[in-house]
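Any read-out appearing in this document is the output of simple, stated calculations on the displayed coordinates, not a laboratory observation. The model shown is predicted, which means the values in this text are computed figures rather than measured ones. So basically every Cβ, Gly included, is an ideal-geometry build from the backbone, and we count neighbours across all protein chains shown.
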Amino acid sequence: MRIATWAILTASLLSAPLFAQDSPSTQSQQSVKPGINDNFLDPDLKVEEWVKRFEVESREIFHARDEIVQQLKLKSGDRIADIGTGTGLFVEPFAKAVGKNGWVYAVDIAPKFVERVGKLAEEYQLDNVTPVVCGEDDVRLAPRSIDVAFICDVYHHFEYPQSSLESIHKALVPGGQLVVIDFNRIPGESRDWTLSHVRAGKEGFRKEIEAAGFEFVEEVKIEAFKENYFLRFTRK
């Protein structure tokens, strides 16, 4: 099918800059968390190992996936970017939620994750899914091409948040929705892993996002969340 072909073509065309050289914008910026994405940029990445880590009931996001999709309030015809799609956990429910007149862009910096999403789309006959290999500082989506941007347990992996947010702002239509789900980072309360892995807490990330031209709307309470939070913004 054309979806799998597109995934392979996209990976071959767009992955080279990730390994060859940084873009001009990354050259002029300093990474806020050097090395955090090394595992995903490894050409020997073992996708199935990450499936076992990401798609298990013990992970809050997996356990709460149906409620998360419901809270996005997707409509038929919406165009959503799943930024940092990873193993593609949300691709099928998003494709069904936006319907045949909508579209899902499954975006990731890891070509092997993108290739897996292409295969999933083919297997489940999801004709409204485009896998996209993005840059480390740019989601590589056309201006005003999406209505919703979804960033789940991925924002803390943005090495260049300012330029990444700028590219998301351009890709969203005015008034479009940005949803960020990430880990609460609270010294004295959060796990040691969170404190060492996640560079800032909820308020710090919120300030960065607002400074990039997004308006905070609300924090959505998800019943299953103990470590995560769900923030909704709109593009100004």
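General observations
- Charge dipole magnitude, Cβ of K and R +1, D and E -1 - the chain, Cα centre, debye nearest 20: 540 debye
- Across the cross-link table entries Lys170/Lys207; Lys46/Lys170; Lys202/Lys236, which are compared at the Cα atoms, the separations over 24 Å belong to Lys46/Lys170.
- Summing +1 for each Lys or Arg and -1 for each Asp or Glu among the other residues whose beta-carbon sits under 15 angstrom from that of Ile209 gives 0.
- Among residues other than His197 with Cβ under 14 Å from its Cβ, the summed charge is -1 (Lys and Arg +1, Asp and Glu -1).
- In terms of surrounding Cβ atoms within a 10 Å radius of their Cβ, Ser163, Ser58 rank from fewest to most as Ser58, Ser163.
- Considering only segment 133-236, percent of DSSP beta bridges that pair antiparallel, nearest 5: 70 percent
- Taken as Cα centroids, segment 160-201 and segment 45-108 sit 17 Å apart, rounded to the nearest whole angstrom.
- The listed peptides 166-177, 205-216, ordered by packing as a protection proxy, come out as 166-177, 205-216 (highest mean of other Cβ atoms within 10 Å first).
- The calculated 222 nm mean residue ellipticity attributable to helices in the chain amounts to -10500 deg cm²/dmol, summing -39500 (n - 2.57) over DSSP H runs of n ≥ 4 and dividing by all residues.
- Within the chain, percent of DSSP bridges classed antiparallel, to nearest 5: 40 percent
- The chain: most fluctuating residue of Tyr124, Tyr105, Tyr155 per GNM, C-alpha cutoff 10 Å: Tyr124
- Most mobile of Gly88, Gly188, Gly135 in a GNM of the chain (Cα contacts under 10 Å): Gly188
- Given charges at Cβ of Lys, Arg, Asp, Glu: the chain dipole, positive-most of Trp50, Gln70, Leu89: Gln70
- Listed pairs Lys75/Lys226; Lys52/Lys73; Lys73/Lys221; Lys75/Lys100 exceeding 18 Å between Cα atoms: Lys75/Lys226; Lys52/Lys73
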